[in-house]
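**Student:** I'd like to ask some things about the structure below.
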2 protein chains.
Amino acid sequence: MNNSRGKLIVVSGPSGVGKSTIIADLLEKRGNMRFSVSLTTREPRPGEQNGKDYWFVSREEFADMVENGRLLEHASYVDNDYGTSADFVDGEMSLGNDVLLDIEVQGAAQVKAARPEAVLVFVAPPSLEELERRLRSRHTDSEEKIACRLRKVREEYARMDQYDYIVINRDKNSSAAELDAIITAEHCRTKDRIHLIREVE
Amino acid sequence: MNNSRGKLIVVSGPSGVGKSTIIADLLEKRGNMRFSVSLTTREPRPGEQNGKDYWFVSREEFADMVENGRLLEHASYVDNDYGTSADFVDGEMSLGNDVLLDIEVQGAAQVKAARPEAVLVFVAPPSLEELERRLRSRHTDSEEKIACRLRKVREEYARMDQYDYIVINRDKNSSAAELDAIITAEHCRTKDRIHLIREVE
């Protein structure tokens, strides 16, 4: 029955906001949704699996993909490269599957430029104080690192206009439900459905 | 908690498509949603209640409201006037309630012109054949009336571009869920939420 092209959903949000839990919920809830695993040139950490956490590729392979336009977006952090495979995204979408990307604000801008039909969703904390509390309760970041993350969120907030939707993560169930509703609604857009009624004329 | 302005949701769709059932489901599901009862100059039919089925007003009252810009849209059918009270709609929205209008394609265009933020949803049948079957099974319309209704749907389809969303009513539960998702998604739009994150800066 599903012969329409899938949707490209880009989700961004600060570290500690609870994005991964929401995404896991959503992938469980929606059958035809695929998560795009990022490519990276960094070394796998203990326990990380190729194709699950990242696709681990060499610097040469990565450079080659950039060169040949096979990445939908890419960026460097701390001397390593990260990117999104255009082949994976386009392939799944043409099968009618929705594809979800979990990427940074800069990457989201690149995806929107390359695929204007992409739907951009930002997951925000209820407040910066609450985000700080969540980061602190993880006991994984130094004070310096937490301060750095909070500075970064303020920078991200300044670029909010590029996002279509904002989900404020007060609790994970209602946030997953909102993200789910956004995707359902995007499938109801007139431009996506008009052929279904026009073909009966 | 809810201090943001409500949404204006306009639902249109042909007679027999099952719109009223979907709307009743939605009103039950969403607490802060108000249905806008139309005003009319026609006489009440047996059993019809003022303020429930319609607000029954005199021709003079109606003309006065048109004159004073107190109708969001209005139209005439078979020598009677029908319209939507701007006071009711604006009042409920400013209280933070969503307002749902069930009006024709022409009225929807008037509302969109007056309130560009209105969200327009068209409820369509799976096919014209199916609509014809549903109309026939009601045993209320003559053959001539059914043919007239089907002609009207084709005219409506030609004006589909003004709608933001199309819900195809295959079964009432999934259609009510789609309409519900559309309203939830519209509340997540960046323009409606950016103040919530900007105020923490």
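**Student:** Please list, in chain and number order, the residues 5+ apart from B:Ser38 or on another chain whose amide H is under 5 Å from its amide H, with Hs placed from the backbone.
**Tutor:** Placed amide hydrogens put B:Trp55 under 5 Å from B:Ser38.
**Student:** Would you please state the base-10 log of I(q)/I(0) at q = 0.10, 0.12, 0.23 1/Å for region A:37-137, with intensities from the Debye formula using one equal scatterer on every alpha carbon?
**Tutor:** Debye curve over Cα of region A:37-137, log10 I(q)/I(0) at q = 0.10, 0.12, 0.23 Å⁻¹: -0.34, -0.49, -1.26.
**Student:** Distances from A:Ser142 to the same position in the other copies: list them in nm, one decimal, shortest first, using label points 7 Å from Cα along Cα→Cβ.
**Tutor:** Those separations, rounded to one decimal, come out as 8.7 nm.
**Student:** On to the next question. Neighbour counts of other C-beta atoms within 10 Å: give me B:Cys148, B:Cys188 arranged from fewest to most.
**Tutor:** Listing B:Cys148, B:Cys188 from fewest to most nearby Cβ atoms yields B:Cys148, B:Cys188.
**Student:** Please report how far the C-alpha centroid of region B:16-56 lies from that of region B:63-123, rounded to the nearest whole angstrom.
**Tutor:** If we compute the Cα centre of each part, the gap is 14 Å.
**Student:** Give me the log10 of I(q) over I(0) for chain A at q = 0.15 Å⁻¹, as the Debye formula computes it from C-alpha points; what are the numbers?
**Tutor:** Listed by q, the Debye log ratios stand at -1.02.
**Student:** Continuing with the same structure: Considering the zone a paramagnetic label at A:Val66 would reach in this model (a point 7 Å from Cα along the Cα-to-Cβ line), which residues of region A:77-119 have amide N under 13 Å from it?
**Tutor:** A:77-84
**Student:** May I pose another question? Just in region B:170-200: which GluC sites (Glu not before Pro) are loop by DSSP and have at most 10 other Cβ atoms within 10 Å?
**Tutor:** Filter output for region B:170-200: B:Glu199.
**Student:** May I pose another question? If each label sits 7 angstrom from Cα along the C-beta direction, how far apart, in nm, is A:Ala114 from its counterparts in the other copies?
**Tutor:** 4.6
**Student:** Give the nm distances, rounded to one decimal, from B:Val66 to the matching residue in every other copy, measuring between label points 7 Å along Cα toward the beta carbon; shortest first.
**Tutor:** Copy-to-copy label distances for B:Val66: 6.7 nm.
**Student:** Once amide H atoms are built 1.01 Å from N in the peptide plane, which residues 5 or more positions from B:Leu8, or in another chain, come under 5 Å H to H?
**Tutor:** B:Val99, B:Val119
**Student:** While we're here: Set the Förster radius R0 to 56 Å, insert the Cβ-Cβ distance between B:Arg151 and B:Ser4 as r into 1/(1 + (r/R0)^6), and round the FRET efficiency to 0.05.
**Tutor:** Between B:Arg151 and B:Ser4 the formula returns 0.85.
**Student:** Now, a different point. At q = 0.07, 0.10, 0.11, 0.14 Å⁻¹, what is the base-10 log of I(q)/I(0) for the protein assembly as shown according to the Debye formula with one equal point scatterer per Cα and no solvent? Please give it to two decimals.
**Tutor:** Taken in order of the listed q values, log10 I(q)/I(0) reads -0.42, -0.77, -0.89, -1.26.
**Student:** Among the DSSP beta bridges whose two residues both lie in region A:8-198, what percent are antiparallel, rounded to the nearest 5? It would help to have the intermediate numbers written out before the result.
**Tutor:** Working: 8 of 26 bridges.
Among the beta bridges of region A:8-198, antiparallel pairing accounts for roughly 30 percent.
**Student:** Shifting gears a bit: Starting from the 7 Å offset along Cα-to-Cβ, what nm value, one decimal, do you get for the label separation of A:Ser174 and A:Ala113?
**Tutor:** Spacing of the two 7 Å Cα→Cβ label points: 3.7 nm.
Each value in this text was obtained by applying a stated rule to the coordinates, not by laboratory testing. Remember, predicted model here, so these are calculated numbers, not experimental data. For neighbour counting, all protein chains shown are included, and Cβ atoms are generated from backbone atoms with ideal geometry for every residue, glycine included.
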